[in-house]
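Quick note: the coordinates plus some simple rules give every number you see, no bench work behind them. Just so it is clear, the structure is predicted and the values come from calculations on it, not from any experiment. Positions of Cβ are generated from backbone atoms using ideal geometry, with glycine treated the same way; all protein chains shown enter the neighbour counts.
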Amino acid sequence: MPETVEINTPWWRAFKFLALLLGTVIAGLIVAMWVPSSTVKAVSGQIVPTVHLPEGKSATSASDEKGAQYSADEIFKLAQEVETQSATFSAEKDELDYLTRIVVLMMTVAGIYTIVIGVVSSKALESQRKEFERASKGSLGNLERLRDELELDFPMLGRIQKNFKSILANLRNECDSLAPRDAPDDSFSSLEPARIQRILFYEGAVTTALLLNTKGYEKELSEIYQLLGVFYGSNFYSTTKGGDKFKNSEHPELFYRAQFYFDRASDLDPDNYTLLMRAGNFSQYYDYKTIAGLSRGYFEKASDVGTQFQKPLVSIALIELEAFKNPLSAMDALKRARSRKHYDEGRESPRLGYLAYLECCALCLCAQSANGPERQSTLRSAAEKLADIAKTPSKDWIAIGGYFVEDKMKYFAILENEPQLAQGVAESIRTLESFVFDGIKSS
């Protein structure tokens, strides 16, 4: 806060002189009020003692005597006493009038003095206010200059919202060619080296932003982290030599960096369905149960957020089948998926045929560990479901083209090896195979 500046202008000096003069007048009036006037003193000095009647006589006794009269001297003295008392009363009345006028005058002067002091104080406060405004403007100017210097030295401090949006827009542009993990495409290998370096540059800029208070920009920062997760997830997938085996890669650090960014993004935006699905897809490797469990956790969160979509539950069923070999849990997930109206974002129609296909795989897996009548019953149920699937062409079969040959050996072989079911199963598989591969050729 600025220091108080002494006021020394001519009008201020004049006001101080006037205030001092009025103060002196008031002091004189107070003295005059308490010191009696000379006229009152003179009158008081001339007052004589009260005259008494002759010794042995009183007004009562005198009136009681038979009509006796006072002498001439006594009458004179009485008259003189009356006159003296009248003069005393008159002097006291004059003194009272004098004091009254003094009080009225003093109150008037005091009022004027108060007004003068009020005006002077107002002027002084106004002067102080103006001085404070001048000092404040100077301080504000210094603060603005400091801000400008900080913006020059640390650009992220200047326009944090603008910078976040700029980084986000650039990352969207650079990562738009990266395919989602559930598509069998090594899109990272097609990225130009210059584009990769730009993405790494934006990553460094975001890392610097973590030193700042980013409250209010959670959505933007979450999407930035999500895109970086996609970048590193795609990079890791490219090191698996085009397969789905986590252990094929010699660079697991790329996967864990992707996981780090997905987790940070989820912390900032926990109800983002797309984010959770991407995190699940980019960690969906079946040969490493720890990673498969991580993927299942993302899909479970996505299922809780996107309660109208089948896709998270279908992904959970695949993990249960492929990674954990748990057909009962897979069947439970598929049963829950049947109650939902949409398959996924951008794929509104439910994929009931695909669900039936996975249920058939789960039944075949159940039969592999069953014995006796239970095994035979499970195999018949699987064969019937496979026959129902093969009756109706569907776009769903195009999506399983990359896995159908492997599924035949892994799941349906047990049906083909069952003498009572082999012929019907073989026919169903041929029909379904034609749907899958002919559909792919014609699409």
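A simple count of charges around Lys385, restricted to other residues whose Cβ falls under 12 Å of its Cβ and scoring Lys, Arg +1 and Asp, Glu -1, yields -1. Thinking of segment 271-341 as a set of Cα atoms, what percent of all their pairs are more than 14 Å apart? Percentage above 14 Å: 52.
Among Ile75, Ile316, a tally of other beta-carbon atoms within 10 Å of each Cβ gives an order, fewest to most, of Ile75, Ile316. A simple rule links phi to the HN-Hα coupling: the Karplus curve 6.51 cos²θ - 1.76 cosθ + 1.60 with θ = phi - 60°, which for segment 329-339 gives 5, 5, 4, 5, 5, 5, 4, 5, 5, 5, 7 Hz, with x for Gly and Pro. Remark: segment 356-404 projects, on average over all directions, an area of 3.4 nm² (convex hull of Cα atoms). With a threshold of 31 Å on the Cα-Cα distance, the over-threshold entries among Lys289/Lys311; Lys165/Lys335; Lys245/Lys335 are Lys165/Lys335. Peptides 228-241, 88-101 ranked from most to least packed by the mean count of surrounding Cβ atoms within 10 Å: 228-241, 88-101. Computed from the C-alpha gyration tensor, the three semi-axes of the ellipsoid equivalent to segment 280-393 are 24, 19, 10 Å, from longest to shortest. If you find the alpha carbon centre of segment 292-307 and of segment 360-414, how far apart are they in angstrom? With segment 292-307 and segment 360-414 each reduced to a Cα centre, they are spaced 25 Å. Straight-line cross-link reach from Lys325 at under 17 Å between alpha-carbon atoms covers these aspartates and glutamates, not counting any fewer than eight positions away in the same chain: Asp244, Asp287, Glu359, Glu406, Asp407. When peptides 303-313, 274-284 are ranked by their average number of other Cβ atoms within 10 Å per residue, the highest-first order is 274-284, 303-313. Legend: ranking of residues Cys175, Cys364 from fewest to most surrounding C-beta atoms inside 10 Å; resulting order Cys175, Cys364.
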